[in-house]
Amino acid sequence: MSRSYWLMKSEPDVFGFDHLLACPDQSEFWDGVRNYQARNFMREMKVGDRALFYHSNTKPPHVYGVVEIVREVAPDPTQFDPESKYYDPKSDPDDPRWWAVTVKAVAPLKRIVSLDDLKANPKLADMRVVQRNQRLSVQPTTRAEFDEVLRMGGGMAKP
């Protein structure tokens with residue numbers, strides 16, 4: 001099976017890896033993405049792809065675990081809900097603007113890998129998350145980058 005690799009960011013106090021572990025089947029719809037490029041990356045995701053789960057807006061920002069894509073893109077219902085903070089009045093139910101995938105927890109890393117650690121590793125110099133102005137909540141990684149981050153984190157722990 002050919003698989004692609006990604007990095008998906010979330011704020012741990014809003015929806016962290018532990019929140020995902022507490023979900024039914026340890027899976028959740030990755031809603032609320034409101035950036036066109038990040039949305040387009042999600043459109044490329046296939047069932048079986050893996051992603052690094054990155055905790056942003058925390059000290060230090062870090063990779064915490066690994067998730068797997070278990071359902072390909074579907075319209076994000078929050079775009080149509082006026083009560084949602086992700087409501088988009090310009091989105092048309094017949095032509096949705098925003099899409100999302102469903103992710104499932106695979107495992108946390110044995111130890112977190114901080115952004116500073118990622119930046120200090122020359123093997124990760126081209127990884128998008130270490131580049132200036134790469135704030136996308138969903139971004140591709142290479143298999144080599146993904147494997148190097150796993151190595152740095154001591155591998156996956158048991159969830």
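Computed values, structure above
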item: Failed item, numbered, when residue 30 is tested on (1) within 16 Å of residue 11 (Cα to Cα); (2) surrounded by fewer than 16 Cβ atoms within 10 Å (Cβ to Cβ); (3) not charged (D, E, K, R); result: (2)
item: Candidate set from segment 1-17 (those that are exposed (fewer than 14 other Cβ atoms within 10 Å of the Cβ) and part of a helix (DSSP H, G or I)); member that is farthest from the chain's Cα centre (by Cα); result: 13
item: Qualifying residue in segment 119-130 (condition: out of contact with any Gly (no Cβ under 9 Å at 6 or more places or on another chain), small (Gly, Ala, Ser) and on the phi > 0 side of the Ramachandran plot); result: no
item: Unique residue being among the aliphatic types (A, V, I, L, M) and part of a loop (DSSP other than H, G, I, E, B) when the list is 70, 33; result: 33
item: Selection within segment 108-159 - touching a residue at least 60 places away in the same chain (Cβ under 8 Å) and of a type in the set (D, E, K, R); result: 128, 143, 145
item: Single residue of 13, 88, 94, 81 found to be in contact with a helix residue (DSSP H, G or I) (Cβ under 7 Å, 6 or more places away or on another chain), of a type in the set (Asp, Glu) and more than 29 Å from residue 143 (Cβ to Cβ); result: 88
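Yes or no, residue by residue, for (1) surrounded by 14 or more Cβ atoms within 10 Å (Cβ to Cβ); (2) more than 18 Å from residue 153 (Cα to Cα); (3) without any contact (Cβ under 8 Å) to a residue 60 or more places away in the chain:
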| site | (1), (2), (3) |
| --- | --- |
| 22 | no, yes, yes |
| 47 | no, yes, yes |
| 54 | yes, no, no |
| 68 | yes, no, yes |
| 75 | yes, yes, yes |
| 80 | yes, yes, yes |
| 88 | yes, yes, yes |
| 93 | no, yes, yes |
| 101 | yes, yes, no |
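Any read-out appearing in this document is the output of simple, stated calculations on the displayed coordinates, not a laboratory observation. If you're wondering where the values come from, they're calculated on a predicted model, not measured in any experiment. Reconstructed Cβ throughout: ideal geometry from the backbone, glycine too, with neighbour counts over all protein chains shown.
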